[in-house]
Amino acid sequence: MAIFHLSVKTVSRSTGRSAVAAAAYRTGDTLTNERDGRHHDYTRRSGVDGSFIMAPTGCDWALDRSRLWNTAEQTEKRSNSVTAREYVLALPVELDATERSDLARAFAGALVERYGVAADVALHAPSREGDERNHHAHILTTTREVEPDGLGKKTRILDAAKTGGPEIESLRELWAMQCNEALERHDKPARVDHRSYERQGVEKMPTLHLGPTSVTIERKHQAEAERKGEDYQPRTFKAQENRRRRGLNERVRELAQELAGVIQKVRAAKKAAASSLVRAFGRSRRAEQETEARYAEMLRQREAEQRRQAEEQQERAAEVRRKVLKRQEEQKRRIESRLAQLIREAPEKRADLFARFYPTDPLARAVDAKLHRMGLEDLEAEEKAVRTGLERYEAQERQRRSEGPGMRMRGRGRGRGGPSRSRGRDTDPDPSGGGSSFEPF
């Protein structure tokens with residue numbers, strides 16, 4: 001379908017540009033800037049379908065591209081002067097090359113007549129890697145009126161804040177009208193509109209202009225995806241946003257079609273109601289029942305989805321609890337194992353073994369924590385628990401030693417009831433295991 005586009009830009013010295021270079025590049029020509037002596041050769045550039053210059057009557061000197069733009073550069077004296085103005089137009093793909101050229105010529109002629117300037121037109125074809133519909137034209141105009149003996153006064157209407165916006169809006173309207181007239185004249189059904197979707201009353205989101213940088217990135221990414229046989233996914237934010245907006249627009253279009261179908265059905269129902277009010281009421285009631293049924297089904301589906309999500313959350317919570325309990329159990333076994341090793345070790349060697357278990361060097365501690373899949377806080381908590389258990393054991397051990405070796409538990413003697421029940425039972429526990437009454441926790 002035909003696409004409307006018209007943008008107005010300036011060629012300014014403040015940005016390091018010149019009208020001579022701009023004209024040479026857009027037309028694929030060779031021009032020398034007499035002001036700074038720079039030579040601009042773009043004769044090898046591809047994609048230029050044609051170019052021509054239009055000027056007011058009696059100003060044939062302006063048809064010489066080199067003379068025209070060198071005069072424009074030499075006339076302006078300020079370092080930040082605007083030496084040319086550029087109009088970029090999207091040409092309808094529905095027209096052939098001759099028809100597109102005639103359309104661009106008509107708009108350029110309108111600019112010449114309206115502002116008294118000269119217009120240098122370059123027709124561009126779509127790039128090999130770009131959108132094949134992207135036929136467009138660059139129209140470079142002088143910023144001063146063209147007179148038989150040179151350039152005259154500045155055209156300020158497009159530069160002033162109060163008049164620039166309305167004037168550009170008028171040009172956009174003119175271009176839309178010329179495009180539609182050309183399409184109609186050549187029996188093409190497509191039409192364009194210069195107004196925004198909002199002003200047209202169209203429920204559609206406009207897409208973003210990608211610009212040369214984003215277009216280059218997307219083309220490279222798309223070519224790479226095609227080479228790998230993968231689905232192309234937009235890479236830049238603008239391209240991703242455009243895909244999202246196109247999807248929304250497609251959905252809105254589908255909804256609009258559905259709504260149109262509903263409207264048609266309602267109109268048909270109204271016509272039928274004129275002949276049979278009872279049947280119309282029945283149809284209306286059935287429609288209400290269908291809506292209620294759909295709504296009830298939506299509620300059931302939503303409740304089922306909520307239940308499913310709740311069950312998944314409970315399952316995830318239970319899994320987390322299982323992992324926490326498993327981790328706690330592993331850590332408890334690890335604490336008991338290390339405490340047992342320390343208890344079995346000779347008292348004078350326990351400090352060295354404890355230092356090997358829990359080194360003070362930060363790097364060694366970090367490695368130990370990583371090996372046992374725990375954080376430094378868990379390692380410190382383990383160290384504290386082992387230390388506490390060891391201190392408790394050593395305290396019990398000291399208490400047993402202070403009571404003296406070979407002490408017997410008191411019991412009834414032989415005089416009353418026979419031999420003592422405590423015979424052979426030593427109360428001093430074995431530190432290595434069997435028979436020890438030590439409880440670390």
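The values are calculated or read from the model by the stated rules, or taken from the named source; none is laboratory data. Keep in mind the model is a prediction, meaning the values are calculated, not measured. With ideal geometry, Cβ positions are generated from the backbone for all residues, glycine too; neighbour counts draw on all protein chains shown. For accessibility, only protein heavy atoms count, side chains too; no ligands or nucleic acids. Shrake-Rupley method; radii C 1.70, N 1.55, O 1.52, S 1.80 Å.
Calculated mean residue ellipticity at 222 nm for the chain: -19000 deg cm²/dmol, from DSSP H runs with n ≥ 4 weighted as -39500 (n - 2.57), summed, divided by the residue count and rounded to 500. Can you list, bin by bin at 10 Å, the percent of alpha carbon pairs in the chain, starting at 0? Cα pair-distance distribution for the chain, in percent: 3, 12, 14, 12, 9, 7, 9, 10, 8, 6, 4, 3, 2, 1, 0, 0.
Out of segment 132-173, which trypsin sites (Lys or Arg not before Pro) are coil in DSSP terms and have no more than 14 other C-beta atoms within 10 Å? Could the numbers behind the result be given before it?
Details: sites: 133, 144, 153, 154, 156, 162, 172; in loops: 133, 156.
Answer in residue order: 156.
Heavy-atom accessible surface of the chain, averaged per residue, reaches 67 Å², computed with a 1.4 Å probe. The orientation-averaged shadow of the Cα convex hull for segment 1-133, equal to a quarter of the hull surface, comes to 8.8 nm².
Within the shell defined by Cβ-Cβ distances under 12 Å, the residues around residue 175 carry a net charge of -3, with Lys and Arg each +1 and Asp and Glu each -1.
In percent, rounded to a whole number, the relative contact order of the chain is 10, using alpha-carbon pairs under 8 Å and six or more apart. Taking 164, 47, 375 in turn, the Gaussian network model of the chain (Cα-Cα springs below 10 Å) assigns the largest fluctuation to 375.
Could you give log10 I(q)/I(0) at q = 0.19 Å⁻¹ for segment 216-369, computed by the Debye formula over C-alpha point scatterers of equal weight, without solvent? Log-scaled intensity ratios, in q order: -1.18. Protection proxy ranking, highest mean first, for peptides 177-183, 40-46: 177-183, 40-46, where packing is the per-residue count of other beta-carbon atoms within 10 Å, averaged.
Normalised by 2.2 N^0.38 Å, with N the number of residues, the alpha-carbon radius of gyration of segment 115-200 equals 1.39. For the chain, a crude dipole built from +1 on the beta carbon of Lys and Arg and -1 on the beta carbon of Asp and Glu, taken about the Cα centre, is about 3060 debye to the nearest 20. Residue 372 exposes around 80 Å² of accessible area when a 1.4 Å probe is run over every protein chain in place.
Provide the packing ranking of 66-74, 303-311, 333-341, i.e. peptides ordered by the mean count of other C-beta atoms within 10 Å per residue, highest first.
Numbers: 66-74: 20.3, 303-311: 10.0, 333-341: 15.7.
Output ranking for 66-74, 303-311, 333-341: 66-74, 333-341, 303-311.
Looking at segment 231-295, the pairs of alpha carbons with a distance over 21 Å make up 51% of the total. Between residue 134 and residue 296, the simple label model (points 7 Å from Cα in the Cβ direction) yields a spacing of 5.6 nm. Give the carbon-plus-sulfur fraction of the accessible surface of the chain in %, rounded to a whole number; probe 1.4 Å, heavy atoms of protein chains only. On the chain, the fraction of accessible area on carbon and sulfur atoms equals 50 percent.
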